[in-house]
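S.K.: Before anything else, here's the structure in question.
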Amino acid sequence: MSSPRFWRRGASIILPALLAPAAVLYRLGFLLRQAGAKPHRARVPVICVGAATVGGAGKTPLTFALAQRLRQQGRRVHIVTRGYGGSERGPLRVDPARHLATEVGDETLVLTQSSPVWLARNRAAGVAAAAQDGAEVVLLDDGLQNGTIAKDFSILTVDGISGFGNGWQLPAGPLREPVAKAAARCQLAVIIGPDEAGVAQRLPAGLPLLKARIEPTHPQNVKGRRWFAFCGLGAPEKFRRTIEEMGLDLAGWREFPDHHRYSEKELDRLRADASALNAGLLTTRKDWVRVHPDFRAGLTPLDILLRFEDEAALDQLLKPVLTR
C-alpha cells in the first residue's frame, strides 16, 4: 500500500499520538536486534545505501547511479540486496532474462541494468558470494539498519520533498529510527530533489552533504504523445510530478498499492481506458518489471537516472574507501 497520509509532514498528530505506544515497542525491538547482531567484515569494501525512513527515499536510483559511476571508473562493482517482495532467499545472482519480480523483487530487477546483482536475505552470505564472483566493491542496497555487515562507508539518502515525514517512528510515522541515530552511522547524506522539507537543517553539521536530482534518461522517446499513466509506488506523487515537470500530455492517471502485482484483467482495463482517451500507457520501470513478460505489450516504461550536482566531491569522499 502507499504511505498513510498521516505520515506526511504537516499532517494531524492525532493518529501518530495514538500509535505512539506501538512506536515505542518497535523501537525496543529494533534496539534488541541491533544489540544481538555480529557484524561480518568482508574482504572487499562495502558501501551501504540506506535511509532513515521506509519507502520513497530514493535508495534504488542512488544505488543504481553509484554502480554506474563506479563501473565507469573501471571498478568491478556488484550490488547485494534483500529482494523485497520476492520469494527467493539466495544467495542468488539475479538473471533478468530468467527471473521474475515475483521471485526476486521489482527493485532487484531494475538494479540489474546497472551491474551484477545478488539477492540474499543473509546479507553477509550475499557479500561473500559477490566477492567470490570477482567483485572489487559491493554496494549494499537498503542496509543501513542491518547490523550483520560491517560497512566501510554508509550513505543516508533523503527525499527533499517528503523529508522525514511527520517525524514519528513506525508505525506512527515513516521513521525506522531517529534521524540523528541513522545519520551518526553515515559518512555522507544525499538529498534528492529540492529541499522543500528542510532536510539539511535536521542533519548533523559535520556530515558531508551532496544534492542530486532525478532526470528521465530519454525524454525524447515520450514527448509529443498523449499518455495515460499508472504506477504502484510508495510515493506515487513523485512519478506524477516528474511527468508534469517534463510537460507531457497526461490524459489519465491511476494509482495502485506499492509493489502491486498487475493481473491480466487489470492491464486489459488500463489499455481500454487509455484507448478511450487516444493515449498510450506510461509507467515506471519498477512497475514495468512487475508485469509478466507475456503482458507487457503496449506498455512504455519511463526510465530515470539520478545525477549528482557535484560528482567530483562524491569521488573524493569515496576514494579512501575504494583504495583500502
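S.K.: With the requirement that a residue be touching a strand residue (DSSP E or B) at 6+ places or on another chain (Cβ under 9 Å), closer than 14 Å to GLY163 by Cα and without any contact (Cβ under 8 Å) to a residue 12 or more places away in the chain, what does the range 193-233 give you?
M.R.: ALA200
S.K.: Yes or no: the range 154-171 includes at least one residue that is among the aromatic types (Phe, Trp, Tyr), in contact with a Ser or Thr (Cβ under 8 Å, 6 or more places away or on another chain) and farther than 30 Å from GLN201 by Cα.
M.R.: Checked against the condition, which is being among the aromatic types (Phe, Trp, Tyr), in contact with a Ser or Thr (Cβ under 8 Å, 6 or more places away or on another chain) and farther than 30 Å from GLN201 by Cα, the range 154-171 yields no hits at all.
S.K.: Let me ask you something else. Tally time: how many residues in the range 155-191 are of a type outside the set (A, V, I, L, M, F, W, C), in contact with a Gly (Cβ under 8 Å, 6 or more places away or on another chain) and buried (at least 20 other Cβ atoms within 10 Å of the Cβ)?
M.R.: So the answer is 9.
S.K.: Starting from the range 307-324, take each residue that is among the β-branched types (Val, Ile, Thr) and list its partners that are open to solvent by less than 100 Å² (accessible area, probe 1.4 Å), counting only C-beta distances under 6 angstrom and pairs at least six apart or across chains.
M.R.: Pairs found: VAL321/PRO45; VAL321/ASP152; VAL321/PHE153.
S.K.: Among the residues of the range 49-67, is any surrounded by fewer than 23 Cβ atoms within 10 Å (Cβ to Cβ) and over 14 Å from the mean Cα position of the chain (by Cα)?
M.R.: Among the residues of the range 49-67, not one is surrounded by fewer than 23 Cβ atoms within 10 Å (Cβ to Cβ) and over 14 Å from the mean Cα position of the chain (by Cα), which makes the answer no.
S.K.: Name the residues in the range 124-146 that are within 19 Å of the chain's Cα centre (by Cα), open to solvent by 10 Å² or more (accessible area, probe 1.4 Å) and of a type outside the set (Asp, Glu), would you?
M.R.: Correct list: GLN145, ASN146.
S.K.: Show me the helices (runs of 4 or more DSSP H) entirely contained within the range 1-120 in which 3 or more residues are among the polar types (S, T, N, Q).
M.R.: It comes to 59-72.
S.K.: Residues that are over 27 Å from PHE64 (Cα atoms), at least 3 per element: which helices (runs of 4 or more DSSP H) completely within the range 207-292 meet that?
M.R.: 264-276
S.K.: Can you name every residue in the range 242-284 that is among the hydroxyl-bearing types (Ser, Thr, Tyr), surrounded by 14 or more Cβ atoms within 10 Å (Cβ to Cβ) and free of Cβ contacts under 8 Å to residues at least 60 places away in the same chain?
M.R.: TYR262, THR283, THR284 - these are the residues of the range 242-284 that are among the hydroxyl-bearing types (Ser, Thr, Tyr), surrounded by 14 or more Cβ atoms within 10 Å (Cβ to Cβ) and free of Cβ contacts under 8 Å to residues at least 60 places away in the same chain.
S.K.: OK, next. Can you say whether ASP133 is among the acidic types (Asp, Glu) and either modelled with pLDDT of 95 or more or farther than 29 Å from LYS181 by Cα (or both), as far as the supplied structure shows?
M.R.: Yes: the conditions hold for ASP133.
S.K.: With the condition kept exactly as written, say whether any residue in the range 151-173 is in a loop (DSSP other than H, G, I, E, B) and closer than 14 Å to VAL49 by Cα.
M.R.: Yes, some residue in the range 151-173 is in a loop (DSSP other than H, G, I, E, B) and closer than 14 Å to VAL49 by Cα.
S.K.: State all residues of the range 2-26 that are within 25 Å of the chain's Cα centre (by Cα) and open to solvent by 40 Å² or more (accessible area, probe 1.4 Å); if no residue qualifies, say none.
M.R.: Of everything in the range 2-26, those that are within 25 Å of the chain's Cα centre (by Cα) and open to solvent by 40 Å² or more (accessible area, probe 1.4 Å) turn out to be SER3, ARG5, PHE6, ARG8, ARG9, GLY10, TYR26.
S.K.: Restricting the search to the range 304-319, which residues are in a strand (DSSP E or B) and either loosely packed, with under 14 Cβ neighbours inside 10 Å or not aromatic (Phe, Trp, Tyr) (or both)?
M.R.: Of everything in the range 304-319, those that are in a strand (DSSP E or B) and either loosely packed, with under 14 Cβ neighbours inside 10 Å or not aromatic (Phe, Trp, Tyr) (or both) turn out to be ILE304, LEU305, LEU306, ARG307.
S.K.: Just to be sure before I move on: is PRO204 at pLDDT 95 or above, more than 18 Å from the chain's Cα centre (by Cα) and of a type outside the set (A, V, I, L, M, F, W, C) in the structure I sent?
M.R.: In short, no.
S.K.: Moving on to the next point. Give just the number: which of (1) modelled with pLDDT of 95 or more; (2) within 16 Å of the chain's Cα centre (by Cα) does ILE161 not satisfy?
M.R.: Result: ILE161 fails condition (1) only.
S.K.: Oh, and also: So, ASP152, is that one acidic (Asp, Glu), within 19 Å of the chain's Cα centre (by Cα), farther than 23 Å from GLU309 by Cβ and open to solvent by 30 Å² or more (accessible area, probe 1.4 Å) or not?
M.R.: For ASP152, the condition - acidic (Asp, Glu), within 19 Å of the chain's Cα centre (by Cα), farther than 23 Å from GLU309 by Cβ and open to solvent by 30 Å² or more (accessible area, probe 1.4 Å) - is not met.
The values are calculated or read from the model by the stated rules, or taken from the named source; none is laboratory data. Note that the structure is a prediction, hence the values are computed from the model and not measured. When we count neighbours, we look across all protein chains shown, and the Cβ atoms used for this are built from the backbone with ideal geometry, even at glycine. These area figures cover heavy atoms from the full protein model, side chains too; ligands, DNA and RNA do not enter into them. Shrake-Rupley method; radii C 1.70, N 1.55, O 1.52, S 1.80 Å.
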